[in-house]
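Remarks on the structure that follows.
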Amino acid sequence: MFQDLRYGLRLMIRRPGFAAVAVATLALGIGTTTAIFAVTDHVLLRPVPYANPERLAVIWETSPTIALPVMYASPPNLYEWQQRSKTFGSMGGFQWRDVTMGGAEPERIRAARVTAGLLPTLAVQPQMGRWFLPEEDRANGRPVMVISDALWRRRFQQNRSIVGRTIPIDGVPTEIIGVMPPAFVCPPAVVLRGTPPAEPAELWIPHAVNLEAGQRGAHYLAIIGRLAPGSTIASADREMNEIQEQIERDFPDYRTWRAHVVPLVDQVTSSSRRAVGLLVAAVAFVLLLACANVANLLLARGVGRRREFAIRTALGAGRGRLAVQVIFESLALAIAGGAMGLLLAIALVRIIVLLGPASMPGLRSVEVDLRTALFAVAASIAAAILAGVVPALGVMRTRLASWLADRSGGSGPGAMRAQQALAIGQIGLAVALLVTASLLVESFRQLRSVDPGFQPAQVTTAKLTLSASRYPDAAARTRFVDQILSNVRQLPSVASAGLIDAVPIADNRQGTSFVRLDGAAADPTASQNANVAWVTEGYFESLGVPLIAGRTFTAEDAAQRDRVIVINRMLARQVFGAEDPLGSLVRVGASTQAPFQVIGVVGDERHVGIEADATPSFFIPYRQVPSGRDLSIIVRTTGQPVAAASALASLLGPLGSTMSEAIGREGTANAIRTVVKRIDPDLALFQVRTMEQVVEAAVATPRSMAWLLSVFAISALLLAAIGVFGVMSHAVSQRTREIGVRMAIGASPYRMLGSILGEGLTQVGLGLIAGVVLSLVTSRLMAGMLFGVTALSVTPYLIVVTLLAVVSLIACLVPARRAMRVDPATALRAD
């Protein structure tokens, strides 16, 4: 074995040009395959970093009265499930929440409100201190928190006496009672459809919900349960629905809600499984193309070595021994290609992590570790076998004795057929990859052209949270709203400004009941639930949501005035049909709530995601119900650049205009920060983004997939073109004597051109047919990933077939033109 490897290395040194091409080709295939394995390993194979993850499940609530297939659970239901369930040993819930950590430098921290039962369910213990006690997870419980290892290191310099220290959180003195282990990630990526997973939390506080405060219809907790011994997902689902029926009997107003139990691993990987599977298929195609190219190179080199093989056979070497030698020669190439491929994989992983969608769970932790390196070794061995098996079979099946007598230098028909078959397979794989990439690119183009229902250009958003200590009541929060809006509207180049509790597309909106009081709903089968947002005057104008009828809110719509409400067009059609909704009375939320009067109808803005349709929604004036402390500022600028930006635009032209826009956006953000700091120095402004950035983030996954698949497809196109060119060049070189004889007896150069081209284009045609068939099969992987285009759309197939046909024609034309220039006398003397 080692002798064959040494001989293979000597051959590589003896023919460095051949070795460089083969090693580079294998490095491309092995490197891309290894990089995608690293992604797959972290995103799909190890997505849940908890003990016995197969025993963990997500418990959703669902109802035919809501538009989404599943919904978060209500806190009272979690309490009922914990008391009554036998199939779950434990369960806990969480809700994402951003908090401001006070001190010398206030910092905005990604946090989560969690129930006391969550950590025992995940079977994780703090590295220092303890987790929450049940009495701390109750209304008016003692303010405590647990921090992450990263926060402990970054902000507290790994101070081991940190447990017991009190730090202000949203203005409330809160005691640190524990520090979690370094690898702890919570909450996991459990979100509603269309909502990107939130960044991992660095701080946890008790949920501390008041179960007596009418929370039965409030659906905002994600629930995770650990199955009891002997329980299954199916049995848990049956039991949870039986409990839901008991809750319905106990609370007659709470009807139609059922439970839906899903394995946690399936839930976390559901959004990325198809995307990663498609990437795996793509790199597998690239690896096969690379191996096919190397196999063609080995076949071509084997023609020059056939007398060597014949002599070795005459000296007693068996066919199997020669075939093993060919395999080990390809292994030497694959080892070198694998080493280069591992370096390429490290670079590719960094690029994928940098440019990949942040919403893909586990992507940010992807790295080339020991498991990935071992996979690279396995991929190299597989590549060696794939690349060497065809030349090895050629050696075993050929009559080696005839090679001693043959002095023509031509290759046998079997070798040529093998090379042609490999070229056909390369074209087919390239077609499948190109079709997939073109479908994703067209899907992304369609997605970017969707009207979100608002005008994102020249809109800046920024979030803040009012502390309970400084803003304890509605009057204090209303005073802050007056101050912030008054100051922001006075900023230069600000056209309008408003506030909302949840930024469209970026944040979830709450859902609650919406009932017409002065008549029956136009569609009695439709849901009586709708999404709700709390906004101030200026919000619709700032975001560019069109007004359809009536009016929007003004500063006069305050707490002491009659309650008013604005609905979107979809809700108006669903509840009022063709009737004019203006002036109608409606009730939202609990039956004890006072009614609202509809004063306006606005356009349908998409808030769940760009690819998701708008949902029935209504808007409540924040001044009348200032209950929330999480607010987002929405500012529309006039587009007039500051002086420096204007000068830059005039100097650099289009590039300067782009840079001036960025400077203008940053200037607006800094101005808003200054205003907030002047009003309340302890308030931290965070997630300062333009609405265009929000929209771009919403399409990050399809954009990343389109670009990644396009890169792989271009690689496949180049490899296929190189394969066709290599096969045709080798065919021409092996037929030099035949071409010379034909031209000597009268064949014209153009006839030889047609003959060579015909042979090459026949292979191309067969490869295109095979590729179209393969594309139809692989298109099933794309179900659910396309928007505005189907996997059977004709246009991408036509474009890809035409492109590959042209590229292949060029690859065939170069060797064919060389055949035209063959000198008959020179060709005959070569015999």
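Couple of notes before you dig in:
- A cut-off of 5 Å between modelled amide H atoms, ignoring neighbours fewer than 5 places along the same chain, links ALA495 with ARG636, THR637, THR638.
- Positive end of the dipole of segment 107-180 (Cβ unit charges, origin at the Cα centre): among PRO143, PRO120, PHE156, the Cα lying farthest that way belongs to PHE156.
- Average accessible surface area per residue within segment 501-544, 1.4 Å rolling probe, Å²: 37 Å²
- For segment 493-615, the direction-averaged projected area of the alpha-carbon convex hull comes to 8.3 nm².
- When Rg and Dmax are taken over the Cα atoms of segment 41-126, they come to 16.3, 50 Å.
- In the full protein context, segment 43-170 carries 42 Å² of accessible surface per residue, based on a 1.4 Å probe and ignoring ligands, DNA and RNA.
The values are calculated or read from the model by the stated rules, or taken from the named source; none is laboratory data. Note that the coordinates shown come from a computational prediction; the quantities given were computed from them, not determined experimentally. Note that we place each Cβ from the backbone using ideal geometry, even for glycine, and neighbour counts take in every protein chain shown. Surface accessibility is based on the protein's heavy atoms, side chains included, excluding ligands, DNA and RNA. Shrake-Rupley method; radii C 1.70, N 1.55, O 1.52, S 1.80 Å.
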